Amino acid sequence: MKNKKYLYKGLAITFLTGLSFSNIACNDAYLDDVQNLGSFNTDLYFQNEQQSFSALVSTYDILRKYSGGFENSVTFFNAGSDDFFSGGGNSNDGAGIQGLNNYTINSNTIPASYWRDYYQGIARANLVIERVPGAKMSDELKKRYTAEAKVLRSLYYFELVRMFGNIPLILKSIKFDDDYWNIPQVKPAEVYAQIEGDIAAAIPDLMLTSSGNDKGRITQGTARAILGKIYLYDKKMPEAASQFAEVNGVPGGTSQYGYKLVANYADLFKVGPETTDPYKFSTESILEVMHTNKGNSDWGFWGQGKDEGNSINVMTGPRSYSLKNIPNNNAPDIYSGWAFNTVTVDLFNFMQGDPRLNTTIFNAKQFVTDGKISYSPAFADTGYFLNKYLPTNDLKTSLPGAAELNFRQNYIAIRLADTYLMEAEALGGNGARAQALLNAVRARVGLASVPVSIQAIKDERRRELAGEGHRWFDLVRWGDAPSKLAFKGFMSGKNEILPIPFNELPNTALHQNPGY
Amino acid sequence: MNVQISRSLGIIAALYFTANFNAQTAPADTVQKEQKIEEVVMIGYGTQKKSNVTGAISSIKASDIENIPAGKPEQVLQGRAAGVSVVTNSGQPGAAATVRVRGITSFGAGSNSPLWVVDGIVVDNIGWLNQSDIESIEVLKDGASAAIYGVSAAKGVILVTTKKGKKGRLNLSYNGFYGFANASKKLDLLDATQYANIINEGFVNDGGAPRFSNPESFGKGTDWQDAIFGTGEKSSHEVSITGGNEKSTYYTSFGYFDQTGIVMSDISYYKRLNARFNSTHKVTDYLTLGQTFAYTRIKSQGISANEEFGGPLASAVNLDPTTPVVVTDWSMVDPSAYTNQYIIRDPNGNPYGISPYVNQEMTNPRAFRYLQQGNNNWSDDFVGNVFAELKFLKNFTFKTSLNGKKSYWGSRSFSPKYYLSPNFSNTNFNSLNKVDENKFEWSMENTLTYQNRFGDHNLSVLLGQGVYRYNISGGTSLTYTNLPIENWQDASFNFNIPQDNITATGWDGIQTRKASYFGRIIYDYADKYLFTGTIRRDGSSKFATNQHWGTFPSMSLGWNINKENFWPENKVINTVKLRGGYGILGNDEMENFRFASFMVSGSNYTNSGNNIVIGYAPSTLENPNLKWEETSQLNIAADFKLFNNFTFTADWYKKKTTDILRQVNIPGYIGVPNLPWSNVGDMENSGLELELGYKKNWGDFGISVNGNFATIKNEVLRLEDDIEYFNLASFQTMGAVSRVAVGQPYGSFYGQTYSGVFQNQSQIDAYKNTNGQLLLPNAKPGDFIWQDNNGDGKIDDNDKVNLGSSIPKYTFGLTINLNYKNFDFMMFAQGQAGNKIFQGLRRLDMLDANYQTKVLDRWTGEGSTNDNPRVTRNDPNHNYSWMSNYYLQKGDYVRLKIIQLGYTIPQDVTTRFGMSKVRLYITGENVLTFTKYTGYDPEIAGRNNSEQDIIGVDRAYYPQARTFLIGANIQF
């Protein structure tokens, strides 16, 4: 039979094939021989400096919480203060920010990210602190990376403790087999003690100052400013004052870390060319959150790790803004935004006559009256907008990402004028140094000296730092919130801290904050 | 290992081609008259006599479906088999259908789609298949039947067998149709005058001034639905050639399907080209080789089919009728809104109207169309297998088969500079994008079958083994911006542009592997006592090494009572079979590598040089204990043949899925961005399935009727400890409208309830709690009387209650075939009942969006109505902004899906033209729909692939078209 040879061949091959595959299938190695391309097994990570650096970068990433994403803390806490309303499209535009505006905020409406994001930073810092010492890199760098991670972890704990008060203190990586459901909250004092100690211990290992691509990293100056601020909130005034003194140096002069007030107040909020922006990392900047349009941020990952744009910009722009076609129109060419953080009339009045008024507040009402612009008044419209971060058309990204999400203005979380005033406050608002610090802040904008006092410092902070996200925390720290925020519904003994997001509670040992 | 594999592949391929060549040259054989054999059904790795089947298998033959003009092959299953629910994803051309076997099996990560097995090849869908190529479809519904597919089978298994050649003379046949389609229903929306009056009333009711001084001046205004709906076309041409001899048989077919949509047909279309080559070769008496191969090319474009955030459908429903489609009368609009240079104009140079009131994502659909032109999606699929079957030692058969599917797909789109409204514009730069993706999946299976008969004992034993590799895939996306052109016709990647204007990304798929052993024993004694036992052991790379393997056993029994001696032959109950089975099935559908912790990129930051630095951080908490999700199913059934002409089957089942693989909540303080995976969650489905058939011939007249009816009860049994629900569908600013709650069916609607409308202030003042406080202090006459359902003296989120299920309790189908001499008639109806539909057609955040005419029945004063609230813009009582039973409607419907009349030209006429059969027919599709639902279409699937099981939420659904076709079947 002529096909017989095929028969034998066929027989041989079918069996051979069958056997060879059975061989494979028997073996777990066949099933294990797949690769999770593009990622690294955590147990095998932290081999070298590059990997350690990338893990450290992810720890820094959380700094973006101040000014990136819809749920950024600057617009959120501005909305809680007496300087701003929530604003936005309507009274439902952002349940969290609207809830903080009128103090109806509860555990369901508070965005969980205010709790979760900082804990992500903490978990990443814990991993760096545990694993970098085992990497192949210089001991000096190991110490520095670990110190930076410790300062960042402390900063994130500080943000959590001043927002939520009662929080779990986790200082090591959590594994799947840990009993992570039963981690209790600790007293705020315990958190403060831990983070104050951590920063103090980390300072010697940090860079004195930074330059080049290291700008924006945690330096000794940054760490001392953070530590001073933490002491201030922890009511350890002498300790706070001494840290600030190291940061501030001679009022009005250049400190040991090179810090100096910039000459022109308005420069603090300017944005330069994409390639070399002279306004970033000024001498006044101590902790600066970096933004760029190069992330090509898009709606799909807005507010997540890859999103690198500043969201305060688009959120604070007036809606449907357009310039009227008249000669010599000097109104700014604003990119239409979403009208959040409309300025209260109270702040507008408070800043009358202050040289910082026009840098701080955009008087849209006046431009409309003058026939130069039109815009759609939205929720809680007052006609006044926060000018420090207004998005203008020339700052729209030139790259493919959505214009709204790719504004590249940096946000300065701690600047020298802030630490001057915090030191003056820590000094009790009296004495020659406190007076000198206050004078320096006022002199920079051409204002004459006023006698130093706690009230003078409070007023100066309100004007100098308006809209930069500090006011609400200041009011709570001073105990002024119940009176100043009564018109918004602030309840004393409850609203000083926020509710823990509802989804964080089930099955855990956490207790909701009182009153929520 | 790889060397071995490729060598084996090479030899098999060589062997196959040699054999094929030999077979082709073998002399033709004489045709043998085929013997009438008992009906058999495919059971997975084999066949079985229908009378001896012990599982719940629904079988659909080519003759049942060959004249159904479905756009996608899976749609032919609709209404055919009890317990198999098929919901067409939309009326968009080329839309797939969501197929569910005995309900939603799991609420884990994976799709609830059944396992598709085409000629033994496991594939992710059958959208590439040519309908005429289908020989039979078998749905393995119960656990015992599906268990032979083990870990992949929990959601049911659908076996598709394609046509093979038959020995005999060459047979050429043609099937084709052509027809027109239009929308069977339009919504009743307000005209411009009505609209202006209602908007005015909203302002006045809130204490403001009316907006429009003279509503009557607008007249009827624009009917935006007219601007989008049109006539679609549908055509199909299929040619097949079969033939063969004793040694070789072959089947070859080509098909072309072309459909344009009823909504903006130039940007909503689907074209498919198919080719298939199947052949089988008996190399010797012992060795058979065979192959199947299919190629499919698809090109399509679509619009948002069920999406409240934009697209022509949502725009047509929401746009105000006072805005013209094209601006011709400048006195009707504000010219300053039309100054942008990138405004879109019609061929006469007039700008398309821009609504001053309704914008955001809502745009003039005529202008929107301009942005979409030239964009398309495409795919090339190659699916095939080769097998060798060796018979030896009389009772043994060894079969080895190699199966593969290689797919290429992608898209191309151009975005010009445009200005559709202040909120919807792109005036920066144009961009041209293309995406190219590819995927290869293959498997190899070896089976050994032993079959023998010992007196009355029939035994068949199967042993098998397989290895599978999935998702060997990757892709790239390339975008050019700032091209020196203005329209899509000129857009090309041939333009040389600066590197800064080029963006490219690429990705690799993560491979999944499986390995399996399986065995089955089928035994019967004298065709009376039937037994099937199956066991399958599967290993999957998705689990940690010590959790790789899972074992899935099953067993079923049957008893053909009528074959007992005591059974008297009678004319009432001709045959009775009792059968039942129990099986455990698995599911491993989830992301890869969730058993270990991985550092992933994406937690990036910027450095001071304005550059991105990439950060790495753990994505989630690992779970090395992850294991299979298990579905156990009990099936009890009886089959009858009654009065010689009736068949009746009743199946009862209970299906319970435990340890559902899903992402679970963990405390945020663990500090990972993504939720980890765990085996948490149980769900149960149970139901009754009835199938009734009747067939009778009286001389020239013949009738056959097939009906089926199924009930389903779904209940979520368990979620994480202390967690009672999670939210499912959400709608704009309303938030969640349905949820998955313990004790309720999956996807139950959840919201407030109202008992009526406040007719006057004194009713509001009297609506108090026990402390004398007003329950609804913000209410005005005409607002809803919200109920304090939990009785706590205040009305808030805690008063929400379950408002009904999105899952139909009943589904049914009915097919009637009549024939008289050369005429044939077919009617097919299907439907569902017992579900609710959420109607989210009007955008809540757009206060000026148009309304349906139902708003004309609003409350206008004391005694006017107790059903509909007043019109208000501020809506202080949340009449419109709260999820409530106000938004829900019954989803019951019966649809006359197909009606067909055919005429076969007498054979003595056709043979003169060399044709053995010519049948001409006319078909009506979706002819009539009986429903009380007021939206476009009550058959509403999920809005996209990842939300397939979030059904019954109408966000402006692309309705199915009413189509009339003429067609022909010709055989040579």
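Key figures
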{"item": "Residues within region A:407-440 that are farther than 19 Å from residue A:279 by Cα and either buried (at least 24 other Cβ atoms within 10 Å of the Cβ) or among the acidic types (Asp, Glu) (or both), tallied", "result": "11"}
{"item": "Given (1) without any contact (Cβ under 8 Å) to a residue 12 or more places away in the chain; (2) closer than 25 Å to residue B:466 by Cα; (3) out of contact with any helix residue (DSSP H, G or I) (no Cβ under 7 Å at 6 or more places or on another chain), index of the condition residue B:566 fails", "result": "(2)"}
{"item": "Any hit, region A:507-514, residues being loosely packed, with under 13 Cβ neighbours inside 10 Å, of a type outside the set (D, E, K, R) and away from chain B (no Cβ under 14 Å)", "result": "yes"}
{"item": "Cross-chain or 6+ apart pairs with Cβ under 9 Å, region A:170-198 first and away from every other protein chain (no Cβ under 14 Å), then surrounded by 13 or more Cβ atoms within 10 Å (Cβ to Cβ) and in a strand (DSSP E or B)", "result": "A:188/A:167; A:194/A:186"}
{"item": "Given (1) surrounded by fewer than 20 Cβ atoms within 10 Å (Cβ to Cβ); (2) more than 14 Å from chain A (Cβ to nearest Cβ); (3) aliphatic (A, V, I, L, M); (4) not in a loop (DSSP other than H, G, I, E, B), number of the condition residue B:485 does not satisfy", "result": "(4)"}
{"item": "Single match in A:461, A:477 (criterion: under 23 Å from residue A:357 (Cα atoms) and in a helix (DSSP H, G or I))", "result": "A:461"}
{"item": "Among residues of region B:126-144, those that are over 21 Å from residue B:277 (Cβ atoms) and assigned to a loop (DSSP other than H, G, I, E, B), counted", "result": "2"}
{"item": "Complete set of residues in region B:489-521 that are touching a Leu at 6+ places or on another chain (Cβ under 9 Å), more than 30 Å from residue A:33 (Cβ to Cβ) and polar (S, T, N, Q)", "result": "B:492, B:501, B:503"}
{"item": "Pairs where the first residue, in region A:80-105, is touching a residue at least 60 places away in the same chain (Cβ under 8 Å) and the second is among the hydroxyl-bearing types (Ser, Thr, Tyr) and outside any loop (DSSP other than H, G, I, E, B), C-beta under 6 Å, 6+ apart", "result": "A:85/A:342; A:87/A:342"}
{"item": "Selection within region B:677-694 - in a strand (DSSP E or B) and either within 17 Å of residue B:597 (Cα to Cα) or within 14 Å of chain A (Cβ to nearest Cβ) (or both)", "result": "B:677, B:678, B:679"}
{"item": "Counted residues, region B:443-473 - those being aromatic (Phe, Trp, Tyr) and either within 30 Å of residue B:501 (Cα to Cα) or crowded, with 19+ Cβ neighbours inside 10 Å (or both)", "result": "2"}
{"item": "Residues located in region A:2-60, provided they are at the interface with chain B (Cβ under 7 Å from one of its Cβ atoms), at pLDDT below 55 and not in a helix (DSSP H, G or I)", "result": "A:3"}
{"item": "Meets criteria (within 12 Å of the chain's Cα centre (by Cα) and crowded, with 22+ Cβ neighbours inside 10 Å) for residue B:144", "result": "no"}
{"item": "Single residue of region B:253-283 satisfying the filter (over 23 Å from residue B:962 (Cα atoms) and in contact with a Lys or Arg (Cβ under 7 Å, 6 or more places away or on another chain)) that is surrounded by the fewest Cβ atoms within 10 Å (Cβ to Cβ)", "result": "B:273"}
{"item": "Out of A:461, A:433, sole residue that is under 21 Å from residue A:350 (Cβ atoms), in contact (Cβ under 8 Å) with a residue 12 or more places away in the chain and charged (D, E, K, R)", "result": "A:461"}
{"item": "Residue list for region B:721-740, restricted to those being touching a Ser or Thr at 6+ places or on another chain (Cβ under 8 Å) and over 19 Å from residue B:942 (Cα atoms)", "result": "B:733"}
{"item": "Unique residue being within 11 Å of chain B (Cβ to nearest Cβ), farther than 21 Å from residue A:65 by Cβ, touching a residue at least 24 places away in the same chain (Cβ under 8 Å) and not charged (D, E, K, R) when the list is A:320, A:297, A:285", "result": "A:320"}
{"item": "Selection status of residue A:457, more than 14 Å from chain B (Cβ to nearest Cβ), over 24 Å from the mean Cα position of the chain (by Cα) and among the β-branched types (Val, Ile, Thr)", "result": "yes"}
{"item": "Long-range neighbours under 6 Å by Cβ, at least six apart or interchain, first residue more than 11 Å from chain A (Cβ to nearest Cβ) within region B:466-482, second of a type in the set (Ser, Thr, Tyr) and surrounded by fewer than 17 Cβ atoms within 10 Å (Cβ to Cβ)", "result": "B:477/B:505"}
{"item": "Qualifying residue in region B:492-513 (condition: part of a strand (DSSP E or B), surrounded by 14 or more Cβ atoms within 10 Å (Cβ to Cβ) and in contact (Cβ under 8 Å) with a residue 40 or more places away in the chain)", "result": "yes"}
{"item": "Output for region A:199-233, where each listed residue is of a type outside the set (Val, Ile, Thr) and within 14 Å of another protein chain (Cβ to nearest Cβ)", "result": "A:207, A:210, A:211, A:212, A:213, A:214, A:215, A:216, A:217"}
{"item": "Unique residue being surrounded by fewer than 21 Cβ atoms within 10 Å (Cβ to Cβ) and either within 14 Å of another protein chain (Cβ to nearest Cβ) or of a type in the set (Val, Ile, Thr) (or both) when the list is B:674, B:697, B:604, B:644", "result": "B:674"}
{"item": "Region A:441-456: number of residues that are in contact (Cβ under 8 Å) with a residue 24 or more places away in the chain, surrounded by 14 or more Cβ atoms within 10 Å (Cβ to Cβ) and out of contact with any Lys or Arg (no Cβ under 8 Å at 6 or more places or on another chain)", "result": "8"}
{"item": "Restricting region B:518-560 to residues that are within 14 Å of chain A (Cβ to nearest Cβ) and not in a strand (DSSP E or B), the residue that is surrounded by the fewest Cβ atoms within 10 Å (Cβ to Cβ)", "result": "B:546"}
{"item": "Any hit, region B:164-179, residues being part of a loop (DSSP other than H, G, I, E, B), out of contact with any Gly (no Cβ under 6 Å at 6 or more places or on another chain) and under 30 Å from residue B:532 (Cα atoms)", "result": "yes"}
{"item": "Candidate set from region A:261-289 (those that are over 19 Å from the mean Cα position of the chain (by Cα) and crowded, with 19+ Cβ neighbours inside 10 Å); member that is nearest to residue A:151 (Cα to Cα)", "result": "A:261"}
{"item": "Flag for residue B:589 being more than 14 Å from chain A (Cβ to nearest Cβ), under 30 Å from residue B:81 (Cα atoms) and not in a strand (DSSP E or B)", "result": "yes"}
{"item": "Odd one out for residue B:336, checked against (1) within 14 Å of chain A (Cβ to nearest Cβ); (2) under 30 Å from residue B:249 (Cα atoms); (3) not in a loop (DSSP other than H, G, I, E, B)", "result": "(2)"}
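The values are calculated or read from the model by the stated rules, or taken from the named source; none is laboratory data. Keep in mind it's a predicted model, so treat the numbers as computed, not measured. Don't worry about glycine lacking a Cβ; one is built from the backbone with ideal geometry, like all the others, and counts go over all protein chains shown.
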